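Nothing in this text is a laboratory measurement; each read-out follows from the coordinates by a stated rule. Note that the coordinates shown come from a computational prediction; the quantities given were computed from them, not determined experimentally. Here the Cβ is made from the backbone with ideal geometry for all residues, glycine too, and neighbour counts use every protein chain on show.
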Amino acid sequence: MAGRTLWSVLTLVALVAGVVLGEKALVLVDSPELESTHSQFIGDLSDLGLELDVQPIDSSSLRLKLWDEWIYDKLVILGGSKELGGALDAVLLMEFVDAGNDLLLILAPTPTDEMRDVATALGVDLDAAGSRVLDHTRYDAGRGHAAVLGAQSLLARVFSGAARGPLVFSGMGLSVAPASELTMLALHGVPTAYSAGADGKPTGLAGRALGLVALAQARNNARALVLAGLDFVSNDLFDASVTDADGNSLGASGNRAAARDLAAWALSRRGVLRLVDMSHSIVGGEVAPERYRIKDEVEVYARIEELVDGQWVGYDASDVKIELVMLDPYIRQSMESDGDGNFRVRVTVPDVYGVFKWVLDYARPSLSRLHWVETVPIRPFAHNEYDRFILQAYPYYASIFTLMAAFLVSGVAFIYTK
């Protein structure tokens with residue numbers, strides 16, 4: 001109990017420190033002009049509570065690490081058409097993600113091989129060099145067929161429920177393996193959109209398979225965003241009034257709201273879960289005993305919270321499960337939610353003794369993963385804990401008394417019968 005209290009205090013101190021000091025983000029730009037042409041997006045990053053350090057991507061003084069300590073918590077790349085400068089390279093960027101930090105790759109239509117390597121390592125395949133996304137049916141009439149109107153995937157935990165205008169995309173397509181467990185498409189093309197190479201011939205990506213924005217979440221909950229359309233987050237498209245192919249006004253562009261939601265998710269400001277408390281106890285008895293006995297009734301409790309608009313609120317779901325595992329799960333049972341982040345369930349310890357593990361492993365698309373494990377031994381009944389009579393032995397009890405009665409009857413008959 002003291003250990004759990006200390007852990008809670010340290011967690012609270014870390015959260016308070018994070019709010020007070022803010023997380024540091026390195027923003028790398030291809031040219032100084034991007035600071036003005038993309039100033040609204042950069043400002044939105046600052047509004048997420050980040051302390052921004054904007055640097056040229058090819059600066060010779062760039063570094064992410066000092067004496068094996070990460071200098072920054074987040075990395076944002078705007079452009080990526082120039083080689084990384086200083087101590088940065090593709091290997092270091094992936095090491096940055098492997099350490100649990102977040103990465104935003106917002107690339108120009110001509111990214112370097114280094115940027116392609118990083119995207120591939122994140123599970124995202126960028127389309128062929130020089131290719132563009134086109135649509136001859138759904139496009140912004142003021143910008144031509146290369147300014148397509150993108151469709152939004154159904155990722156409720158990524159995008160807010162606020163209404164937004166049409167999304168205008170201009171850039172290169174990408175793809176994600178359909179079976180990928182860690183990478184997903186946040187925005188994809190409409191059925192009439194396709195990707196064409198520099199020679200105008202289709203590259204093979206079209207419709208829902210044509211990715212516009214990809215999101216990745218590693219098993220350590222580090223997140224990444226890959227977007228091969230730098231104009232998507234430009235002031236020009238943020239402030240654009242969209243007109244369809246027939247000249248009808250569709251209203252203001254929804255790019256800024258979408259970009260803000262995407263950045264908030266990729267920078268761990270949305271869709272983040274935390275396990276505040278986890279306990280297990282014998283019903284009516286000791287909390288977290290040293291060991292359980294077979295057939296004990298145990299109550300398991302979990303407190304799960306979600307980060308919503310900068311505040312931690314109780315998480316509600318019907319698919320949170322607890323497992324009791326020894327090589328294979330002996331128990332897997334859903335936990336009941338009270339709607340305010342508290343989950344409970346009662347389980348009966350199996351009639352098998354050995355070393356078991358309580359496991360709560362909750363992984364859902366667009367939500368951070370929760371993984372909790374605690375080892376607990378399970379013992380058999382002690383010699384003085386067995387019932388005096390057990391149901392399974394009743395036939396044997398009956399046979400004993402039947403034998404005694406038969407012996408008595410036989411003895412009487414033998415003695416008194418001539």
Total lysine pairs under 14 Å (Cα atoms) in the chain, excluding pairs fewer than 8 apart on one chain = 4
key: Label point distance in nm, residue 295-residue 415, each placed 7 Å from Cα along Cα→Cβ   = 4.1 nm
request  = For a label point 7 Å from the Cα of residue 352 along Cα→C-beta, name the residues of segment 360-401 whose backbone N is under 18 Å from it.
outcome  = 360, 374-381
query = Considering only 165, 375, 142, whose Cα is most displaced toward the positive end of the charge dipole of the chain, charges sitting on Cβ of Lys, Arg (+1) and Asp, Glu (-1)?
reply = 375
query = Hey, can you rank 117-127, 345-355 by average C-beta count inside 10 Å, highest first?
reply = 117-127, 345-355
inquiry  = Once R0 is set to 25 Å, what does the formula 1/(1 + (r/R0)^6) return for the Cβ-Cβ distance between residue 110 and residue 239, expressed as a FRET efficiency to the nearest 0.05?
reply    = 0.50
remark   = Once phi for every residue in segment 73-81 is put through the Karplus expression 6.51 cos²θ - 1.76 cosθ + 1.60 (θ = phi - 60°), the whole-Hz ³J(HN,Hα) values, with Gly and Pro written as x, are 9, 9, 9, 10, 10, 10, x, x, 8
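For segment 160-297, what is the charge dipole size about the Cα centre, in debye to the nearest 20, if Lys and Arg each add +1 at the Cβ and Asp and Glu each add -1 at the Cβ?
Dipole magnitude for segment 160-297 comes out near 280 debye.
Using R₀ = 41 Å, calculate the FRET efficiency as 1/(1 + (r/R₀)^6) where r is the Cβ-Cβ separation of residue 282 and residue 71; round to 0.05. It would help to have the intermediate numbers written out before the result.
Numbers: r = 49 Å, r/R0 = 1.19.
Efficiency for this residue pair is about 0.25.
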task = About the Cα centre of the chain, how large is the charge dipole given +1 on each Lys and Arg Cβ and -1 on each Asp and Glu Cβ? Please answer in debye to the nearest 20.
result = 1620 debye
inquiry  = What distance in nm separates the two pseudo spin-label positions at residue 392 and residue 340, each 7 Å out from Cα along the beta-carbon direction?
reply    = 4.5 nm
Filtered trypsin sites (Lys or Arg not before Pro), segment 257-300: DSSP coil and at most 12 other beta carbons within 10 Å = 291, 295
query = Which of the listed residues, 403, 242, 103, is farthest toward the dipole's positive end in the chain, when Lys, Arg count +1 and Asp, Glu count -1 at the beta-carbon?
reply = 403
ask   = For segment 314-404, what is the charge dipole size about the Cα centre, in debye to the nearest 20, if Lys and Arg each add +1 at the Cβ and Asp and Glu each add -1 at the Cβ?
value = 200 debye
request  = Calculate the all-directions average of the projected area of segment 285-413's alpha-carbon convex hull, and give it in nm².
outcome  = 12.2 nm²
request  = Taking every Cα atom in the chain, find the radius of gyration and the maximum pairwise distance Dmax, and write them in Å.
outcome  = 30.8, 125
Length released on extending from residue 190 to residue 249, taking residue separation times 0.36 nm less the Cα-Cα span = 19.3 nm
query = Does anyone have the angle between helix 394-416 and the longest principal axis of the chain? Alpha-carbon axes, 0 to 90°, nearest 10?
reply = 10 degrees
task = May I ask for the angle, rounded to the nearest 10°, between helix 2-21 and the longest principal axis of the chain, with both axes built from Cα atoms and the value confined to 0 to 90°?
result = 10 degrees
task = Place +1 on the Cβ of every Lys and Arg and -1 on the Cβ of every Asp and Glu in the chain, take the dipole about the Cα centre, and give the residue among 60, 366, 128 whose Cα lies farthest towards its positive end.
result = 366
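I need to check one value: relative contact order of the chain, counting alpha carbon pairs closer than 8 Å and at least 6 residues apart, in percent.
With pairs under 8 Å counted, the relative contact order is 11 percent.
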request  = For the chain, give the share of DSSP beta bridges that are antiparallel, in percent and rounded to the nearest 5; count only bridges with both residues there.
outcome  = 75 percent
remark   = Residues other than residue 381 with Cβ under 13 Å of its Cβ, Lys/Arg counted +1 and Asp/Glu -1, net out at +1
key: Amide H partners (placed H, <5 Å) of residue 250, local residues excluded   = 242, 243, 244
query = Which of these, 322, 106, 400, has the largest mean-square fluctuation under a Gaussian network model of the chain (Cα springs below 10 Å)?
reply = 400
inquiry  = Helix 255-266 against the longest principal axis of the chain: what's the angle in degrees, Cα atoms only, rounded to the nearest 10?
reply    = 40 degrees
